[in-house]
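Quick notes on the structure that follows.
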Amino acid sequence: MGRKRLRFVSLILASLSLLVAAPLAADEFRSPSLTALRVDWRAAFDQLRTEINGHPRVASDFIFVPRRSVPRYDPRAMPALVQLNAVSSQFFTGIARSSVPVLLPFDAGAYLEAQRNGAPSSLSLSRYQADFNPVDMFDAGPAGYSASFSLEPGAGAGDGMPTRVFARPVEVQITGSALLYDIADPAGGKGEPVKPLAALYPDLRRFIREGYVRYAFTRFGVAYVVSIQCLDSVAKPRRLACKEAYPVAERFLKALRVAGGQRMRPLMDVASDIIDRPSGRSADFSYRPSGDIIPNSGYRNKSGHPDVMAYAQIRFPLEKAPAFVRSQSYGKRDKNDGPTAYPWRDNFCESRSFEVWQCGGGYGHQGEDIRAAECPPPGEGRAPCDPKQRAVVAVRDAIVIRASKDQAATLEINSRTEHMRFRYMHMNPQAMNADGLLNGRMVTEGEKIGVVSNYLDHPAGTSMHLHFDVQVFTRDGWIWVSPYVTLVSAYEHLIRARGREVGPEIAGTPQPVAHALPEDVIKPDPREGSSSEDN
């Protein structure tokens, strides 16, 4: 209790210090703070023993006597987990990289027992996964793990599943993390208990947030969230209503078993700090403050959400400057500024039908729209310019999350100091498939992953731009946060110059910009290497 109270007091003092410091550094950006959880591997070891002992024919194959002769964080200290990882890694690549116990709907004991009894290798894995298909996406690393599974239409019929049979499988996601982002979240921590699961998960909360029904719980000191995308309204012909998703998620929760993971050195809390920015000033790059959206473009004319947090140091997602964070849906209201001109303008909280907790009224855009510069008129010595071939690049070394039919590609960062996601939208799905931008692919910072396009349900479904957004992991799961300042910071590193913040009252007319920066300016920065609505 003393530790929890001390932690609470520390968070309060840290928050107060930020409030006090903000007026002294109004032109500075901050990095986020994160809380590192302490993993109870002994409890995970005990749960695994109980689960394996339910299959007597294979229980004797596992060594459940901890070895005292090896260092505490050596994998051999808990040999049964090493043995389990060897089995599970056949289906969940890299599972031993997870710093937290991996809970999945995979019954390793039942699988091994079936193999011992001579079950054919062709037997479907779903037999040992409560009818869930083989994993669609799995990523494990120093912060924890993420996975997604799907349940075929009609699977589990008569066992409380949705009475309607859907044309597409229902996707269920799970994340377990030892890193939590400390964000001011008035909606955080809410939810209702689920009585049928109270014995299995005493602290389980069910709630609907940002388009997903979510089940959050703590096990082994780790934060886990199971979620399904759904419609928080009455059922519609082709959309899964959240109440219809309840039995699918609860089937998944009942099937969770310890599937792997490995004890590692504990993670450390990450303190918020002022981030480094270029010292030299740009002659032309300017931007309006975070939260300063076009008047009356917010949901029910609500204003934007000021946020001075640069959630990560990233490579700017367009290959070259100049580029422009501009509204794609309300630009005609912004009479002073053109679509490809400075200053930039935040559009994170523009009105959309998407739930975004940070925005007034709870609805917004989820991310920022970015345009590449227009091609300059042909001229002597100018390189050819094709407006349909403006490269989009990976903002960090990351793993790709994307099924072949998805219109968005997501990059996930999983390290000892970060657990976050970056989503790219409006690139053509067929082109992404051809480029192999699919689940499990590793990309490197600055690698070309597509071109700025106009795909939204079909080619030419929107204007030529890139939608870019950011999610961080909290006790409520993956939550959208404003990427505006993160993009400003990334752009400054790209052009190696600091921008100028201009308020609404002094913004004036659009700033002229060069169509091509000097070659030495657009080289990689030295940091490198270490729904029908427009979204």
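Observations
- The stretch 180-205, subset charged (D, E, K, R) and closer than 20 Å to GLN358 by Cα, residue surrounded by the most Cβ atoms within 10 Å (Cβ to Cβ): ASP182
- Residue in the stretch 69-78 that is of a type in the set (Phe, Trp, Tyr), modelled with pLDDT of 90 or more, out of contact with any Cys (no Cβ under 9 Å at 6 or more places or on another chain) and surrounded by 12 or more Cβ atoms within 10 Å (Cβ to Cβ) present: no
- Residue satisfying all of: in the stretch 181-240; assigned to a loop (DSSP other than H, G, I, E, B), touching a strand residue (DSSP E or B) at 6+ places or on another chain (Cβ under 6 Å) and of a type in the set (A, V, I, L, M, F, W, C); farthest from ARG251 (Cα to Cα) among these: ALA235
- Scanning the stretch 468-494 for residues that are within 13 Å of the chain's Cα centre (by Cα) and closer than 17 Å to GLY188 by Cα turns up GLN471, VAL472, PHE473, THR474, ASP476, GLY477, TRP478, ILE479, TRP480, VAL481, SER482.
- Among the residues making up the stretch 424-439, a single one is closer than 19 Å to TRP478 by Cα and surrounded by fewer than 22 Cβ atoms within 10 Å (Cβ to Cβ): ASN439.
- Qualifying residue in the stretch 210-227 (condition: surrounded by fewer than 22 Cβ atoms within 10 Å (Cβ to Cβ) and in contact with a helix residue (DSSP H, G or I) (Cβ under 7 Å, 6 or more places away or on another chain)): no
- When residues in the stretch 246-276 are screened for being crowded, with 17+ Cβ neighbours inside 10 Å, in a loop (DSSP other than H, G, I, E, B) and basic (Lys, Arg), 1 of them pass.
Here's the yes/no breakdown for (1) aliphatic (A, V, I, L, M); (2) under 23 Å from the mean Cα position of the chain (by Cα); (3) at pLDDT 95 or above:
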site: ALA271; (1), (2), (3): yes, yes, yes
site: PHE285; (1), (2), (3): no, no, yes
site: ILE314; (1), (2), (3): yes, yes, yes
site: SER329; (1), (2), (3): no, no, no
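- Top-ranked residue of the stretch 110-145 - restricted to ones that are surrounded by 24 or more Cβ atoms within 10 Å (Cβ to Cβ) and in contact with a His (Cβ under 9 Å, 6 or more places away or on another chain), ranked as nearest to THR218 (Cα to Cα): GLY144
- Residue, nearest to TYR287 (Cα to Cα), within the stretch 11-68, restricted to residues that are β-branched (Val, Ile, Thr) and modelled with pLDDT of 50 or more: THR35
The values are calculated or read from the model by the stated rules, or taken from the named source; none is laboratory data. Bear in mind the structure is a predicted one, so any value in this text is a computation, not a measurement. When we count neighbours, we look across all protein chains shown, and the Cβ atoms used for this are built from the backbone with ideal geometry, even at glycine.
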